Amino acid sequence: MRQKIVAGNWKMNNTIEEGQKLTSEIVDLVKNEVTDDVSIIIAPSFIHLSTTIGLLEGVSNIALSSQNCSENESGAFTGEVSVNMLNSIGVEYVIIGHSERREYNHETNEQLTKKVDTVLKHGLTPIFCCGETLATREGGNHFEYVCNQLTESLFHLSEDDFKKVVIAYEPIWAIGTGVTASSDQAQEMHAALRSHLATKYGKEIADNTSILYGGSCKPDNAKELFACADVDGGLIGGASLKSRDFVDIAKSF
Ligand code: PGA
């Protein structure tokens, strides 16, 4: 059985005080309202990680993620944060290759390969993001484009390593725009990605891989999206900044 996951990507939002308040609210709501079969992940920016982990003590179904990491182990990389550092404070997941980092920080499929390797080497779980622009979709190449992102950054992995990866399909035209992919569009891409994974890793591993949807996912559309056979949860941006909305999404399975 693949894991149901709802992950909140705070992006570059919240002061420490605001972050602590939001985390505490999420913890209280999750404890009272969310069943244990749903894994909740909070992905704040780096400065929040060590204070957030303290607030998650004793809460079994909420884990912490960073939004990025360096592909390098340590050394002269000013401004970077290593996976070893993340590991040392209890971070369990790392978002890799979010479309904003691909665009603004020019992260390439090749660089993302190295990040995925470093994350896995230290025993953390990559949440690997993929997704197409509107122009690519309108050109009709979206399936090929997104499958190729997986091929180039993940298909070097052994079966054992690949089994640890979570995938997030986030059509770029739906991120932060208020335009969600319809449940048909999400299901058709998720199914295509799962069959693509099966060509490399076999049906059993593909069937056990969690593939999350991201892009304007909100409490009022999460139920329909999560009801799709190949959608295993969501990577939530804007709506993860409001505890009530985020937890309502987590209750939408
Ligand atoms: P959004 O962002 O929910 O605000 O569209 C999703 C994401 O970028 O992870």
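Filter the cross-link list 114/251; 11/164; 31/163; 21/203 down to pairs whose alpha-carbon distance in this structure exceeds 32 Å.
Beyond 32 Å: 114/251; 21/203.
Could you tell me the calculated FRET efficiency between residue 200 and residue 2, based on Cβ-Cβ distance and R0 = 25 angstrom, to the nearest 0.05?
After rounding, the FRET efficiency stands at 0.90.
Could you work out the equivalent-ellipsoid semi-axes for the chain, taking the square root of 5 times each eigenvalue of the Cα gyration tensor, largest first, in whole Å?
They are 25, 22, 17 Å, listed largest first.
Excluding same-chain residues fewer than 8 positions from residue 200, which aspartates and glutamates have a Cα within less than 17 Å of its Cα?
In chain and number order, the partners are 144, 152, 159, 160, 161.
Any idea of the accessible area per residue across segment 26-161, 1.4 Å probe, to the nearest Å²?
I get 47 Å² per residue for this part.
Work out which helices of the chain, taken as complete DSSP H runs, extend at least 24 Å along their axis over the Cα atoms and score a mean Kyte-Doolittle of -1.0 or more, then list them.
Helix filter hits for the chain: 16-33, 183-201.
Would you please put 57-64, 11-18, 185-192 in order of how densely packed they are, using the mean number of other Cβ atoms within 10 angstrom per residue and starting with the highest?
For the peptides 57-64, 11-18, 185-192, the packing ranking is 185-192, 57-64, 11-18.
Share of segment 74-205's accessible area from carbon and sulfur, percent, 1.4 Å?
49
Given labels modelled 7 Å from the Cα in the Cβ direction, how far is it in nm from residue 81 to residue 135?
3.2
Taking 0.36 nm per residue of separation and subtracting the Cα-Cα distance, what length does fully extending residue 163 through residue 25 add?
46.5 nm
Taking a 1.4 Å probe, which of 253, 162 shows the most accessible area, and what order do the others take after it?
From most accessible down to least: 253, 162.
Need the full-extension length gain, residue 108 to residue 16, defined as separation in residues times 0.36 nm minus the C-alpha distance. One decimal, nm.
Taking 0.36 nm per residue and subtracting the Cα distance, the gain is 30.0 nm.
Spin-label point model (7 Å from Cα, Cβ direction): what's the residue 177 to residue 151 distance in nm?
Spacing of the two 7 Å Cα→Cβ label points: 2.5 nm.
Beyond 25 Å, what percent of the Cα pairs of segment 101-223 remain?
The calculated P(r) of segment 101-223 puts 23 percent of pairs beyond 25 Å.
Cα gyration tensor of segment 1-131, axes a ≥ b ≥ c as square roots of the eigenvalues: rounded (a/c below 1.5), prolate (a/b > b/c) or oblate?
Verdict is prolate for segment 1-131.
The values are calculated or read from the model by the stated rules, or taken from the named source; none is laboratory data. This one's a predicted model, so the numbers in the text were calculated from it and none came from an experiment. Cβ atoms come from the backbone with ideal geometry, glycine included; neighbour counts cover every protein chain shown. Note: accessible area is taken over every heavy atom of the protein model, side chains too, but ligands, DNA and RNA are not part of it. Shrake-Rupley method; radii C 1.70, N 1.55, O 1.52, S 1.80 Å.
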